[in-house]
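Single-structure report; data block below.
Every read-out reported here was derived from the displayed coordinates using simple, explicitly stated rules and does not represent laboratory data. Treat the numbers as computed from the prediction; the structure is a model and nothing was measured. Here the Cβ positions follow ideal geometry from the backbone for every residue, glycine too, while neighbour counts run over all protein chains shown.
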Amino acid sequence: MSTSHVLLGLLAEGPKHGYELKRAHDAHMPRAKPLAFGQVYATLGRLQRDGLVAEGDRDREGGPERTSFALTAQGRERLDAWLSEVEAPAPFVASALLAKVVVALLAADGRRAGVYLAAQRAAHQQRLRELTAAKLDPESGLGDVIAADFAISHLDADLRWMDTTIARVADPNRGVRS
Amino acid sequence: MNDAILSARGLVKSYGNSPALRGVTFEVAAGEIVAVTGPSGCGKSTLLHCLSGILRPDAGEVVYREQRVDLMPESARARLRRSELGVLFQFGQLVAELTAAENVSLPLLLAGTGRRAARTAALTWLDRLGVAELAEQRPGEMSGGQQQRVALARALVTEPRVLFADEPTGALDTLAGEQVMAHLVRLARAHRTAVVLVTHEPRIAGYADREVIMRDGELADVALAAAR
Ligand SMILES: Nc1ncnc2c1ncn2[C@@H]1O[C@H](COP(=O)(O)OP(=O)(O)O)[C@@H](O)[C@H]1O
Ligand SMILES: [Mg+2]
């Protein structure tokens, strides 16, 4: 996910100081890693260089945290283009999960892959339970629920793949080859 | 675990010559929600039927609060299912000719509760499941999710100590399934009902406190199953 586009999106509702942007990011992206200040200012610097944001009012004391940033017309166009763009379906070759199973099969055997998968499966199921509990929490807002759903759907897909793979590595002759 | 409300040891069950359970040991504590997962045909429903006294195992024992369910005559098992155990299936549990309120009253009427008290309790449970406005409708006039919530009300109206749910969301779309599960978990927690939740969907198992996995008629430690 691209932090710069998210920052553009957060500026769409009005100019913000760097600190406000960090706060808004962390509030709206509850499952993402909190954004470091350094990253906020580095990203804003790039966006400014590219003409996508411009400095607004600067409080008398100066200093970067007192400078507010606003979306430029070009920035709004870029944001719009990003929102219209279909993401490449996540390239599965990048998945650490798949990589580990492939390496386990190469470097060891199906048994080794199965042991890893069983442990990974337990961790996934545990995380899924936590996210499900978070979703059921009456305090959760719509943003929390849809973010939890997003993670749950991906874990669910991983778990299905792991179950199939556990069965496949246990008995490679089953399924497609039989 | 000594606080098991229901436990089973060495359950064996075959249909003709094909074994469906090959020695299953299982327990659930009061108020605990346990998911039983595993591929289709591995014996999940058979296990649930043996635990709830619908089927009698060929061997092994089922103990519910110090009573041997597997040794009870059918009439006693049926009485237990009407009072202390609740069952929720995938769909098609409601009597088509009866209204929602009548369907939910049914278990209480069968247990000897008076008509008026049964109706009051039924309306309370329909309300808890957010379907009070459907009280006078028949199943054919409801969506799948609504029917399943009425079926859940019917399973819970006797305030069972153990609820058995066999793929309770299997016939529903994601959002309707989620509503059924949210109600099920909330009410089970509030009434300290133990739940045995059979599902082949990881995301539904996510509602449970604990998961056990079946393979080919046995409860498998997934690590062992993978390494076999
Ligand atoms: N009434 C029945 N008669 C004959 N075989 C059955 C019957 N019910 C289930 N089986 C068989 O027993 C095995 C376990 O079935 P079941 O308990 O329904 O598994 P699951 O619920 O995990 O899909 C399967 O091989 C199934 O075909
Ligand atoms: Mg089944």
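Descriptive notes on the structure:
- Longest site-free stretch - chain A; sites: GluC sites (Glu not before Pro), DSSP loop, at most 13 other Cβ within 10 Å: A:88-138
- Size of charge dipole - chain A - debye, nearest 20, with Cβ of Lys, Arg +1 and Asp, Glu -1, no other charges: 820
- Under 21 Å from B:LYS44, Cα to Cα: lysines that are on another chain or at least 8 residues apart: B:LYS13
- Scattering from segment B:112-228 was approximated by placing one identical point on each alpha carbon and applying the Debye formula without solvent; log10 I(q)/I(0) at 0.12 1/Å stands at -0.50.
- Hypothetical label at A:ALA96: residues of segment A:122-160 whose amide nitrogen lies under 13 Å (7 Å Cα-Cβ projection): A:124
- Dipole magnitude of segment B:4-223 about its Cα centre (Cβ charges: Lys, Arg +1; Asp, Glu -1), debye to nearest 20: 600
- Chain B - percent relative contact order, Cα under 8 Å, separation 6 or more: 30
- Backbone N within segment B:26-59 under 15 Å of label point (7 Å from B:ARG9 Cα along the Cβ vector): B:26-28, B:59
- Based on C-alpha pairs under 8 angstrom that are at least 6 apart in sequence, chain A has a relative contact order of 18 percent.
- Of every Cα-Cα pair in chain B, the percent that sits beyond 29 Å: 26
- The mean sequence separation of alpha-carbon pairs under 8 Å and at least six residues apart, normalised by the residue count of segment A:96-170, gives a relative contact order of 37 percent.
- In chain A, a dipole from Cβ-located charges (positive for Lys and Arg, negative for Asp and Glu) runs towards its positive end, and of A:GLY110, A:GLN39, A:LEU159 it is A:GLY110 whose Cα lies farthest in that direction.
- Counting, for every residue in B:201-210, the Cβ atoms of other protein chains within 10 Å of its Cβ and taking the mean gives 6.
- For A:133-140, mean number of other protein chain Cβ atoms within 10 Å: 2
- Taking amide H as placed 1.01 Å from N in the peptide plane, B:GLU211 has its amide H under 5 Å from the amide H of B:ALA35, each at least 5 places away in sequence or on another chain.
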